[in-house]
Ligand SMILES: [Ca+2]
C-alpha cells in the first residue's frame, strides 16, 4: 500500500515538472536574451596601479609567459638519478572546466616528477617600510593525493641568478601556499631568518591555521591565497578573502625568532646532600609498648558453639555399599580392593558430620607491623633545578620583517596529482591593488562557476525552446513511468509474487503444525544472542570476581551445611 502512495506522489511531481516547462515556453524570447546578457565577460586584468606592483601575471598571453618564465633544467641533489631531474611539464592552458573565455593559467601537467619554474620580478621587493602582499590562485583540478602548490619568493643573490638552475637549494625569503599529503592538510608560511650572531639561516614555520582546510583542498574549485606581511611584523593569511591565520613573526612561529635571554646552566650539578624528600618518617616516634606486632590477623571464634544436630560420631564420607569389586581385579597386582567413598547419606539431614571446629574471626587486637608516622622533612630543599645563566647565544631581532630582498618567484614542486592550475599571481605593497586584481579575475571565475551550477534547469528549458521537438522526447521519457504507475495502481491484487509469499507462509505454518524439522533462523539467532549474553554476563562476573580478589582476604567461616570450616571470600572492609 505504501509503495502505491509513493508512486502516486512521484506521478504528481512529474506532472508539476511538465507544467513548469510549459510556463518556460511562454517566456521563450526573454530567456534567450537574458542568457546572453548574463554571460560573464572576461578581459585579461591590469593592475590598478602598476607603480605599486613588483610582479603580476595572468598567464593569458603565452608569448609573454615564454619571455618571462624559465623552466628549471637542474638536477636535485641527494636523490636517485632517475627522478633527480627537474623534468616536470608546465603548460599554459585553459581550465578543464568552467573557464572564462580567453582565461588561461599555468598548469603543472605531470605527476611524480620534480618540477620547477620561476620568473624574475619586475622590480625587486625590499623589506623596508612597506607591506608585502602576495596573492595567487590555485585550482587542484584533479584533487591532490600528495603534493604542494606553494610559491617561493626567491632571495636576490648573484650566485643564484640563473633561473634555469632553480632547485630546492635555491635560497628563498618566504614560502607560502597549500600543501597536502593524505590526511595532512597544510597552509605554509615559512620565512628564512638569519641569525645576526653567527649568520646561520633557519626556517621559521607559522603556527597551524584554526580554520579547516579540507573542503578547500578537496573541492577542485579555484581558491585565492593571500599573504599580507606588515613592517610591524604582523601577518594575515586569507583564503578566498576570508582570514585563515594571523599573528606576528615574533610570536607565532616555531622555532621562535629570538632565543631565550637565560638558559639553565649545563655545568650545574645537583649537590649530593640536596634533600628532595618532602615528607620523612618521624625519627622521634617510638613504638607504643602495648603494640603487639605478633598478634595474628585472625583468631578462633570462642563464642561459637557446635550447631544442634551435628553428628560428631558420623563420618562425612563412607564406602559406597553398592560398589562391587570388578571381576578382573587382581589383588596381587592391584592391591586390596576398596569401594569408592560417597557422601554419608546420614549427614544429608544434619547441619554437619565429623569433628566440629569453631570458625576463625578477625582479631580485634591485631595491629600488624608498627611504622613511624610521616612528618614534614625539616631538611627539604625543594625540587632541584640547575641555576640559570645568561644565554651566550642570545640576540634580540626586533625586525624579522627585514628579510632578504626578493628578486624572483618560482614554483618548486613534487605532486602525485597532475593538472594543478595556477593563475593571477600578484606581488604588491598596496592591499587594494591585490583586491582589485582579484575582483577582475578570481571573482569572475567564481561567478561563472556559480552561474553554471545554478542554471542547469534553466539551460534545459532554453534548449527546449530552441528545439521544440524535445517535447516529444520528454513526453516519451515521462510517459513510461506514468504508464508504470497506473499499472501498479490498478493491477489485480493477486500478483504472482504475493502468491508466492503466501505459499511460503502456508508451508511454514504446516511445518510448525506437524513439528516437521525446519530451520528457524530467527529463533536460532535469538538463542545465539541469549548465549552470547550469558557468556558476556559470565565474563563480567568473572571480571567482578577477579576485582574482588584484589580487595579480598580469605577467611574461614562456618559452612551452612557443616563439613567443618570452609574457605569463603569476604571483603576486607
Ligand atoms: Ca588567467
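The numbers here are math on the coordinates, done by the rules we state, and not lab data. Given the structure is predicted, the values throughout are model-derived calculations rather than measurements. Cβ coordinates were reconstructed from backbone atoms using ideal geometry, including for glycine residues, and neighbour counts include every protein chain displayed.
Available extension along the chain between residue 282 and residue 159 is 36.8 nm, counting 0.36 nm per residue and deducting the alpha carbon span.
Residue 301 versus residue 61, label points 7 Å from Cα toward the beta carbon: distance in nm? It works out to 10.6 nm between the two label points.
Between residue 200 and residue 270, the C-beta separation translates, for a Förster distance of 41 Å, into a calculated FRET efficiency of about 0.80. Give the distance, in whole Å, between the Cα centre of segment 329-406 and the Cα centre of segment 102-150. One Cα centre to the other: 64 Å. Separation of segment 298-315 from segment 182-204 is 86 Å, based on Cα centroids. Sorted fewest first by neighbouring Cβ atoms within 10 angstrom, 428, 355, 405, 441 come out as 355, 405, 441, 428.
Based on Cα contacts under 8 Å between residues 6+ apart, segment 153-270 shows a relative contact order of 16 percent. Using only the Cα atoms of segment 156-297, build the gyration tensor, take square roots of its eigenvalues as a ≥ b ≥ c, and label the shape rounded, prolate or oblate: rounded if a/c is under 1.5, else prolate if a/b is larger than b/c, else oblate. In terms of gyration-tensor shape, prolate. Using C-alpha pairs below 8 Å separated by at least 6 residues, the relative contact order for segment 314-384 is 34 percent.
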